[in-house]
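Down below is the structure, laid out as structure tokens.
The values are calculated or read from the model by the stated rules, or taken from the named source; none is laboratory data. Because the structure is a prediction, the values reported are computed rather than measured. Every residue, glycine among them, receives a Cβ derived from its backbone with ideal geometry; neighbour counts consider all protein chains shown.
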Amino acid sequence: MTATLGWPAELVLVRHGESTGNLADARAHAAQAEVVDLEARDADVPLSPLGRRQAAAVGQWLATAEGAPRPPEVVVCSPYLRARATAEAIVAALREAGVDLPPLRTDERLRERDLGWWDGLTGAGVVARYPEESQRRARLGKFYYRPPGGESWCDVALRMRSLLSSLCDEHAGRRVLLVTHQAVITNTRLVLEGLEEADVLHLDATEPLANCSVTAYRGGPERLELSVAGDTTAVADLAVTDDAVDDDPLDEEPAAAVRS
């Protein structure tokens, strides 16, 4: 990927704090239910009380902690409520610490991966209700499979190529913070680090991103270099949710036929 005006000086990606959707998803899987008991549409799922504390802790960490990435000069977030609320709490903590920031911006390219027909279902629900699609996903693999009406991981990666190009145009040499979702951060790593399908699937399987984890890059003359991945130092004194992901329901399904 070629930058038009140069890379940001630093790029920090934060996964949103624990949401009520994370909690509902965990309950559904524990009960082996087919449907996640959640009334709100995905875009409107709020943070849990713990998620709000996690978000504030990230802002305080960025503002004051030795060894943390430097405070951002620009903050952009997913328009989904759980990500926007996380970003707002981070910005509030930074401003309280004296960091001067422009207004928070949202960008639809940072939104969660669209699961289409699978939205609101667990892996068991997908297998029970869409067995042919489950088999098709098993054949194509997680990376290339697109749920009906939804997005593949490749689709998310294309969004991030576009977003990163915009950051190079608009914020070259500046410190940028993005608040977004697990699949988006993983596919940003795919783009920035030149990962292949096997690499990114291994990364997803072995390094799940906890809520409010921090992944950071430092700018170089020609590219961004990874400095930290999935760091939970900011929320070390709080509960860290790393087993209630908000991506592909079949990642939780035990049947070998539907695994990546």
query = What tally of residues in region 164-179 results from selecting those that are of a type in the set (A, V, I, L, M, F, W, C) and closer than 19 Å to Arg84 by Cβ?
reply = 5
request  = Among the residues of region 165-195, write down those that are part of a strand (DSSP E or B) and under 9 Å from the mean Cα position of the chain (by Cα).
outcome  = Val179, Thr180
task = Consider Ala55 carefully, then state whether it is over 15 Å from Val176 (Cα atoms) and free of Cβ contacts under 8 Å to residues at least 12 places away in the same chain.
result = no
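Every residue, every condition in (1) in contact with a helix residue (DSSP H, G or I) (Cβ under 9 Å, 6 or more places away or on another chain); (2) among the polar types (S, T, N, Q); (3) at pLDDT 95 or above, yes or no:
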{"position": "Arg189", "(1), (2), (3)": "yes, no, yes"}
{"position": "Gly194", "(1), (2), (3)": "no, no, yes"}
{"position": "Cys212", "(1), (2), (3)": "yes, no, yes"}
{"position": "Ala216", "(1), (2), (3)": "no, no, yes"}
{"position": "Glu222", "(1), (2), (3)": "no, no, no"}
{"position": "Thr232", "(1), (2), (3)": "no, yes, yes"}
{"position": "Ala244", "(1), (2), (3)": "yes, no, no"}
{"position": "Asp251", "(1), (2), (3)": "yes, no, no"}
{"position": "Arg259", "(1), (2), (3)": "yes, no, no"}
ask   = From the residues in region 15-37 that are touching a strand residue (DSSP E or B) at 6+ places or on another chain (Cβ under 8 Å) and outside any loop (DSSP other than H, G, I, E, B), which one is surrounded by the most Cβ atoms within 10 Å (Cβ to Cβ)?
value = Arg15
ask   = Among Val12, Val58, which is the only one that is assigned to a helix (DSSP H, G or I) and either β-branched (Val, Ile, Thr) or more than 15 Å from the chain's Cα centre (by Cα) (or both)?
value = Val58
request  = Could you tell me whether any residue of region 209-217 is in contact with a Cys (Cβ under 7 Å, 6 or more places away or on another chain), hydrophobic (A, V, I, L, M, F, W, C) and within 15 Å of Ser78 (Cβ to Cβ)?
outcome  = no
ask   = Does region 88-101 include one or more residues that are in a loop (DSSP other than H, G, I, E, B) and within 15 Å of the chain's Cα centre (by Cα)?
value = no
query = Given (1) farther than 26 Å from Thr233 by Cα; (2) surrounded by fewer than 17 Cβ atoms within 10 Å (Cβ to Cβ); (3) charged (D, E, K, R), where does Asp42 come up short, assuming only one miss?
reply = (2)
request  = Taking Glu132 as meeting all but one of (1) modelled with pLDDT under 95; (2) more than 22 Å from the chain's Cα centre (by Cα), write down the number of the exception.
outcome  = (1)
inquiry  = Considering only residues that are farther than 18 Å from Ala205 by Cα, touching a residue at least 40 places away in the same chain (Cβ under 8 Å), buried (at least 17 other Cβ atoms within 10 Å of the Cβ) and out of contact with any strand residue (DSSP E or B) (no Cβ under 9 Å at 6 or more places or on another chain), which ones fall in region 115-157?
reply    = Trp118, Ala124, Val126, Val127, Ser134
message = Which condition from (1) part of a loop (DSSP other than H, G, I, E, B); (2) surrounded by 22 or more Cβ atoms within 10 Å (Cβ to Cβ); (3) among the basic types (Lys, Arg) is the one that Arg70 breaks?
response = (2)
